[in-house]
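Just below is one structure, and these are the notes that go with it.
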Amino acid sequence: MRALIGGGTGFVGRHLTKALQENGYKVTKVSRKTGPDTITWKDINKNGIPDDVTAVVNLAGANILNPLKRWNQAYKDEVVNSRVETTKTLANAIVSSKIPPKVFATISGVAIYKPNPTLEYTEDSDVEPYDFLSQLVVDWEQAAKLPESHSCRQLTVRSGVVLGRDGGMIQQLYFPFYLGLGGTIGLRGDQWLPWIHVSDLAGIFMHAINNDNVRGILNGTAESATNADFTKAFAGALCRPAIFPTPGFVMNIVFGSERAKVVLEGQNVKPRRTLESGYEYKYYDVKSACKNCVS
């Protein structure tokens, strides 16, 4: 069996690659540059996907919360193109393939759900774009859609904030918290933080790829938690205090108000269909997830 992964060199991609290999897949990555077991996006556009591919996955996407990147139109275009255009490339290649893969799995985000302190969202909740990031998710998911008559099974995982020691938010927060300088984001930290451990995000993809009855939208989130819940769990795992909150205006200065919403506002997202599909979480509560991230 062979799997093709766009964005396979990133944080989540490394974990999914390992999971696929442990399940007997040979993994080929799609990247801008050639390398071992790697083909380029230009190769896909020119030659399509290899005939022996069983599963195609796209995880590609520039980091929205990269503090080294100014939130200007040029970077917005990069954020969009790295998601939408790569997904379109793979979808078009699948449609054109003489021997299509059995499954096409893509990632998107919970930004499609409008932040609300009281609402609970599931995969069946009505959604409509309300800002730049939600429109991005709508376009991202639309780019992945294959014709209804196509034989390839399709699914999309709407991911929350990904936790893991070797990347994502934990990597950015580890040393401030380790030094006892951590705290909530916002003065109270009462905004929802839809999150998932990277092992479970990779696990959901693996579970969905291996089960023919899994298709459609799956929420890639775990047990509901606020930013204050996460802060307490992470500081506790490190045996450190967490008494230095980061005011919202600082996040707005660093990231710009449009993308600072990702951490200053949040959604209570339930993984109902994910659980109903039979997936069993390794780290469903934020306390166990944080303990693993510092072990």
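The values are calculated or read from the model by the stated rules, or taken from the named source; none is laboratory data. The model shown is predicted, which means the values in this text are computed figures rather than measured ones. All Cβ positions, glycine included, derive from the backbone under ideal geometry; neighbour counts span all protein chains shown. Note: areas computed on protein heavy atoms with side chains; ligands, DNA, RNA excluded. Shrake-Rupley method; radii C 1.70, N 1.55, O 1.52, S 1.80 Å.
Protein heavy-atom surface of the range 96-178, 1.4 angstrom probe: 51% of the accessible area is carbon and sulfur, with nucleic acids and ligands not counted.
Relative to the longest principal axis of the Cα atoms of the chain, helix 198-210 runs at roughly 30 degrees. Once Rh is set to the Kirkwood radius over Cα pairs, what Stokes-Einstein translational diffusion coefficient, in µm²/s, holds for the range 4-99 at a temperature of 20 °C and a viscosity of 1.002 mPa s? Answer from the Stokes-Einstein relation: 151 µm²/s.
Spread over its residues, the convex hull of the C-alpha atoms of the range 54-129 is 136 Å³ per residue.
Stokes-Einstein diffusion for the chain, with the hydrodynamic radius set to the Kirkwood value over Cα pairs and evaluated at 20 °C in a medium of 1.002 mPa s, equals 109 µm²/s. If you wrap the range 190-231 in the convex hull of its Cα atoms and look at it from every side, the mean projected area works out to 3.4 nm².
The listed peptides 151-159, 183-191, ordered by packing as a protection proxy, come out as 151-159, 183-191 (highest mean of other Cβ atoms within 10 Å first).
The tail of the calculated P(r) for the range 228-295, taken as Cα-Cα distances beyond 17 Å, holds 61 percent of the pairs. At a probe radius of 1.4 angstrom, the accessible area of the range 122-271 per residue rounds to 43 square angstrom. Rounded to the nearest 5, the antiparallel percentage of DSSP beta bridges internal to the chain is 5%.
For the range 126-205, go through all pairs of different Cα atoms, get the mean of 1/r, take its inverse, and jot down that Kirkwood value in Å.
About 15.9 Å for the range 126-205.
Comparing V269, G109, A55 along the charge dipole axis of the chain, the residue lying farthest to the positive side is A55, per the Cβ-charge model. For the range 171-295, count all C-alpha to C-alpha pairs, find those more than 26 Å apart, and express that count as a whole percent of the total. For the range 171-295, the fraction of Cα-Cα distances above 26 Å is 28 percent. Please report how far the C-alpha centroid of the range 229-259 lies from that of the range 265-289, rounded to the nearest whole angstrom. A separation of 22 Å, based on Cα centres.
Give a quick list of trypsin sites (Lys or Arg not before Pro) in the range 26-94 that DSSP marks as loop, anything other than H, G, I, E or B, with at most 12 other Cβ atoms within 10 Å.
Values: sites: K26, K29, R32, K33, K42, K46, K69, R70, K76, R83, K88; in loops: R32, K33, K69, R70.
Those satisfying the criteria are R32, K33, R70.
Could you estimate the translational diffusion coefficient of the range 12-171 from the Stokes-Einstein equation, with Rh from the Kirkwood formula over C-alpha pairs, at 10 °C and 1.306 mPa s, in whole µm²/s? Once the numbers are plugged in, D ends up at 93 µm²/s. Measuring nothing but protein heavy atoms, the accessible surface of the range 183-294 at 1.4 Å probe radius is 54 percent carbon and sulfur.
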